[in-house]
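Step one of this worksheet: look at the structure below.
The values are calculated or read from the model by the stated rules, or taken from the named source; none is laboratory data. Nothing here was measured: the structure is a model prediction, and the numbers come from that model. Quick reminder, even Gly has a Cβ in these numbers, built from the backbone with ideal geometry, and neighbours come from all protein chains shown. When the accessible area is computed, the model is the full protein with side chains, heavy atoms only, and any ligands, DNA or RNA have been set aside. Shrake-Rupley method; radii C 1.70, N 1.55, O 1.52, S 1.80 Å.
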Amino acid sequence: MKRGLLLSIVLLIPVCLLLWLTTTESGLRWVYQQSKPYLPAAFIVTRLDGRLIGPVTVNNIEYQNDGILIKADKVVLDWQPFALLAANIDIRQLQIQSLSIVLPQEKKADKAVTLPEFHLPWRVSLKDIVVDDFSIS
């Protein structure tokens, strides 16, 4: 009887941890904090709300690379996180408010701006995207 109870407790701990990570806002914030070392230093997020299983709301995002500045006031992401198990990123809806891209001011007009390359080991599916108030300068 004691073995069965001990085994149940040992199995229950990872299940409770997984539920906390995926279904609570504090779990989402903990996952973000753990992923910060893998993100570029120039990637700044002011506020993160929601749950890992979605939807996730991110406020005041900023990314800067080679003089290019990308900012958004608010991004709402609704996705299927379990699709990651099949090597898919399945985004149901992406809403971006006040997206601003500022390109570097070069004195030479003939120099082309190159964006960074992304090589993802997953297939990406984006079903619905809405961008409000877009500017590029």
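Residues that are outside any strand (DSSP E or B) and small (Gly, Ala, Ser) were ranked within segment 37-63; the one that is least open to solvent (accessible area, probe 1.4 Å) is Gly54. Do we have any residue at all in segment 7-14 that's within 14 Å of the chain's Cα centre (by Cα), open to solvent by 40 Å² or more (accessible area, probe 1.4 Å) and not aliphatic (A, V, I, L, M)? No, segment 7-14 contains no residue that is within 14 Å of the chain's Cα centre (by Cα), open to solvent by 40 Å² or more (accessible area, probe 1.4 Å) and not aliphatic (A, V, I, L, M).
In the set (1) within 17 Å of the chain's Cα centre (by Cα); (2) modelled with pLDDT under 90; (3) open to solvent by 40 Å² or more (accessible area, probe 1.4 Å), Gln33 fails one condition alone, (2).
Can you pull out every residue in segment 1-36 that is of a type in the set (Gly, Ala, Ser) and in contact with a Leu (Cβ under 9 Å, 6 or more places away or on another chain)? Within segment 1-36, just Gly27 meets the criteria. Checked against (1) within 16 Å of the chain's Cα centre (by Cα); (2) modelled with pLDDT of 90 or more, Leu120 passes all but condition (2). Restricting the first member to segment 12-39 and to residues that are β-branched (Val, Ile, Thr), and the second to residues that are outside any helix (DSSP H, G or I) and open to solvent by 70 Å² or more (accessible area, probe 1.4 Å), the beta-carbon pairs closer than 7 Å and six or more apart or on different chains are Thr22/Arg51; Thr23/Arg51; Thr24/Arg51. Is it true that some residue in segment 64-84 is in a helix (DSSP H, G or I), under 14 Å from the mean Cα position of the chain (by Cα), surrounded by 13 or more Cβ atoms within 10 Å (Cβ to Cβ) and modelled with pLDDT under 90? Within segment 64-84, one or more residues are in a helix (DSSP H, G or I), under 14 Å from the mean Cα position of the chain (by Cα), surrounded by 13 or more Cβ atoms within 10 Å (Cβ to Cβ) and modelled with pLDDT under 90.
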